[in-house]
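The values are calculated or read from the model by the stated rules, or taken from the named source; none is laboratory data. In this text the structure is predicted, and so the values were computed from the model without any measurement. Quick reminder, even Gly has a Cβ in these numbers, built from the backbone with ideal geometry, and neighbours come from all protein chains shown. These accessible areas exclude ligands, DNA and RNA; they are computed on the full protein's heavy atoms, side chains included. Shrake-Rupley method; radii C 1.70, N 1.55, O 1.52, S 1.80 Å.
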Amino acid sequence: QVQLVESGGGLVQPGGSLRLSCAASGSIFSRQVMGWYRQGPGKQRELVTTISSRGSTHVAVAVKGRFAVSRDNAKNTIYLQMNSLKPEDTAVYYCTVFIGAQTYWGEGTQVTVSS
C-alpha cells in the first residue's frame, strides 16, 4: 500500500522560509518520479516541482529561483525548500509519486504566508 506523509507546513511571514518533508512507505519509491503540487484557496491544483530517481528536477515558473526540491532515497523522503515566500504561495501542498499510469497523493500540509 502506498503511503505518503507530508510535514513541515505552517504560518510564515512574507520573505520567510519553510522546509516541507514527505516520507514515503516502501522501497519502490527510490526508483520513481516524485513531486509536489499545491492548491491555493479558490484555485485549481497546480504542479510545483518534480524530481526523478536520479535527481533531475522540473520547477514551475512561479517558484523558480525560490523553491528547491531534493530527495534522500535511503530515507524514502523528498523535501521542498521554500524561500522568499509570498502571500500567493499560500496553499495546501501535496506530495505525489508517479508509478506507471497511477498518481498517488499525500493528505497535504497547509502553508500560510501572511504578516
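Values computed for the structure shown
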| read-out | value |
| --- | --- |
| One residue from VAL33, VAL111 being of a type in the set (Val, Ile, Thr) and open to solvent by 20 Å² or more (accessible area, probe 1.4 Å) | VAL33 |
| Residue ID - surrounded by the most Cβ atoms within 10 Å (Cβ to Cβ), chosen from residues in region 41-64 that are within 18 Å of VAL111 (Cβ to Cβ) and more than 13 Å from the chain's Cα centre (by Cα) | ALA62 |
| Matching residues, region 84-108, being surrounded by fewer than 16 Cβ atoms within 10 Å (Cβ to Cβ) and among the polar types (S, T, N, Q) | SER84, GLN102, THR103 |
| Residue match in region 79-95 (condition: modelled with pLDDT under 95 and either farther than 17 Å from SER7 by Cα or not acidic (Asp, Glu) (or both)) | no |
| Sole residue being of a type in the set (Ser, Thr, Tyr), closer than 16 Å to GLN3 by Cα and part of a helix (DSSP H, G or I), chosen from SER30, SER21 | SER30 |
